[in-house]
Structures are given as C-alpha cells and as structure tokens.
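The values are calculated or read from the model by the stated rules, or taken from the named source; none is laboratory data. Fair warning: this is a prediction, and the values are worked out from it, not measured in the lab. Every residue, glycine among them, receives a Cβ derived from its backbone with ideal geometry; neighbour counts consider all protein chains shown.
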Amino acid sequence: MIKAENVNYIYQKGTPFERQALFDINLEIADGSLVALIGHTGSGKSTLIQLFNALVKPTSGRILVDGIDVTAQKADLRLIRRMVGLVFQYPEHQLFEETVYKDIAFGPTNMGLSEKEIDERVRKSAALVGLKEKHLERSPFDLSGGQKRRAAIAGVLAMEPKVLILDEPTAGLDPKGRDDILNTIKRLHEENSDMIIIFVSHSMEDVAKTAERVIVMNEGRIETEGSVAEVFTQAERLQRIGLNVPQITLLTDKLRNAGFNLPEEIYTVKYAAKAIAALVGGDGNA
C-alpha cells in the first residue's frame, strides 16, 4: 500500500519565494485501489504524486510504498521509480524512438533484461492498453492522439510497476480518445488486481465513470476522501472550494428538490437513466 505520514512540503524554503504546498498529509491507499485525485489548480495534487515516486522529497514526514520508505536519505531511487510508474500530462511528447516497439522497450532495456523478457513485456503491455501488433512497428508519430497516449502508458507498464500514476490522462483528447483512455484505465484495474492506479483529473464526469475512490485536495490539504458516491453527495462542499460534481448529479438534485423520489448518490448517466426509468416504468436502457 501507499502510506503518507504527516507529510509537509515547502517550495524554495528559506528564500523570499518560500511557499508551503502540502500541510500534514496523512493518507493510506490500499493495494488494488483505483483512485482519482481531484482539486483546483494549486491544491497540491501534482506535488503529492511527485512525492510518491521520490521526484521530490517532503520537507517533513515520510511516505511508504509497499513498506519501503521512499523518503529515506539513502532510498534506492531506481528501485522506487520502477515500483511507482508516473505518466506525466501529455506523455506522448516524450515518445522519441523509431517505432512504438522500441519506445515501449526503452525502460525494460535499461533494466538489463534479456531480449526474450523485453519482448514479452512489450507485447503484454501493448495488449493491456489496447494496441495491436500492427501498431508496434509503426512510428509513434503516425499514431492518433489516443494511441500515442496509450503507447506512453505501455512504456511505463512494461517496467511492471506496483503503482501506476497518471496525471490528467485524458487532457487534450477528442471524445473517442478520451473514452479509449478511460476504458484502458478500467481494464488495467480489472486485470491487475494488486496494482494501485491513481489518476489526476479535472473532469468530474471522468472521475464518476472510472474511479472507485476519490481524494479531494484543497489548498495543500486533504479536504475529503471516500467512495465516488460519498464524495459526490457533498456537492455544496465541493462547490465551496471551487470544484463541481458531474452535471447529471446536479440535474438529479434539481429533480429531487422538485419532488421526484430519486436516490441521492446518482453520479453517472447510466445510473440516472435507471433511477428515472424506475419512476416512470421504463427499463433504463434508453
């Protein structure tokens, strides 16, 4: 699991530009979790995920991943970054090899694996993200936006991390590319029962459709956390800190206030359709 204990982080400490980004973060994320990390710009999301794979180290406190203190003075950074894979926003900008195969193979090659094991990892990770054999010999720059994003994710998966972190994985994609990435995340979660998957998102609809748990950041602190239903039923609280809830939740709240007997924890269109259909006697499949 991931465990954060009393974590604080101060940028440019001791200078006139000193700013505290995280305040006393205490957090546990269990193995097999699919977690969305949300919050307005400047809430501390990016700093927190960089701490998880030791890109930066906390000013105080510590972070444990699979029992290893990644904040320790003599922590093995190479081991940590194999264990915690971080896919940055717009990761396709980091694609550089002649073929998709070579790009995915870059990490395993640097790990000193045999050609056979590299090949197995490349093909396995490509299949996990929905890339076909024909894509592997193409230039990554000939792929669509969504395919490039999936190739970049495959490159991290090929290192077989215990934790996969995705920073705004659907940013800039068209609706099809967006759905492809969200479906990829859900499939990875289903097929890797022990892997922790954390994704940062500004889209409440993406969070509602994909995540199992949600962590809400606000001004460097954890504002609230819980299941998707538990978090999105706190609409007023989220709006107060500059966030929103899925549009379908706002709609069903208005219907409920108008006297319709609908559940409070509606946060997806599919769930709303079934609940409304139950009121009018339909099957909810429209």
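Please specify each residue of region 121-138 satisfying the condition of being part of a helix (DSSP H, G or I) and β-branched (Val, Ile, Thr).
Listed by number, the list holds a single entry, 122.
Could you list all residues from region 86-120 that are small (Gly, Ala, Ser) and not in a loop (DSSP other than H, G, I, E, B)?
The answer is 105, 107.
For residues in region 87-101 being crowded, with 17+ Cβ neighbours inside 10 Å and modelled with pLDDT of 90 or more, which is farthest from residue 170 (Cα to Cα)?
101
Would you point out which residue out of 218, 261 is assigned by TED's automatic domain parsing to the domain that holds residue 183 and either among the polar types (S, T, N, Q) or exposed (fewer than 13 other Cβ atoms within 10 Å of the Cβ) (or both)?
One residue alone meets the criteria, 218.
Pull out all pairs, ordered by first then second residue, where Cβ-Cβ is under 9 Å, the residues are six or more apart or on different chains, the first lies in region 67-92 and is assigned by TED's automatic domain parsing to the domain that holds residue 56, and the second is of a type in the set (S, T, N, Q) and modelled with pLDDT under 85.
Every condition considered, the pairs that remain are 88/94.
Could you pull out the residue among 139, 144 that is out of contact with any Leu (no Cβ under 6 Å at 6 or more places or on another chain), more than 17 Å from residue 210 (Cα to Cα) and at pLDDT below 90?
Only one candidate passes the filter, namely 144.
With the condition being touching a residue at least 60 places away in the same chain (Cβ under 8 Å) and of a type in the set (A, V, I, L, M, F, W, C), I'd like the helices (runs of 4 or more DSSP H) fully within region 139-245 carrying at least 2 qualifying residues.
By residue number, 145-157, 175-191, 204-210.
Of the residues 171, 151, which single one is surrounded by fewer than 17 Cβ atoms within 10 Å (Cβ to Cβ), closer than 14 Å to residue 91 by Cβ and either β-branched (Val, Ile, Thr) or within 17 Å of the chain's Cα centre (by Cα) (or both)? Spell out the reasoning first.
Working: 151 fails: surrounded by fewer than 17 Cβ atoms within 10 Å (Cβ to Cβ).
Step by step, each of 171, 151 is checked, and only 171 is surrounded by fewer than 17 Cβ atoms within 10 Å (Cβ to Cβ), closer than 14 Å to residue 91 by Cβ and either β-branched (Val, Ile, Thr) or within 17 Å of the chain's Cα centre (by Cα) (or both).
Mind telling me which of the residues 249, 268, 184 ends up being among the hydroxyl-bearing types (Ser, Thr, Tyr), surrounded by 14 or more Cβ atoms within 10 Å (Cβ to Cβ), under 24 Å from residue 41 (Cα atoms) and out of contact with any strand residue (DSSP E or B) (no Cβ under 6 Å at 6 or more places or on another chain)?
The unique qualifying residue is 249.
Hey, can you tell me all the residues within region 137-148 that are closer than 18 Å to residue 107 by Cα and surrounded by fewer than 19 Cβ atoms within 10 Å (Cβ to Cβ)? Even if it seems obvious, please write down each step before you answer.
Step one: list which residues in region 137-148 are closer than 18 Å to residue 107 by Cα, which gives 137, 139-140, 148.
Scanning region 137-148 gives 137, 139.
Here are 167, 174: which of them is under 26 Å from residue 36 (Cβ atoms) and at pLDDT below 90?
Unique residue meeting the criteria: 174.
Taking region 187-204 as the region of interest, how many residues are under 26 Å from residue 233 (Cβ atoms) and crowded, with 19+ Cβ neighbours inside 10 Å?
Residues that pass the stated criteria total 8.
Right, residue 251: at pLDDT below 90 and assigned to a loop (DSSP other than H, G, I, E, B) or not?
In short, no.
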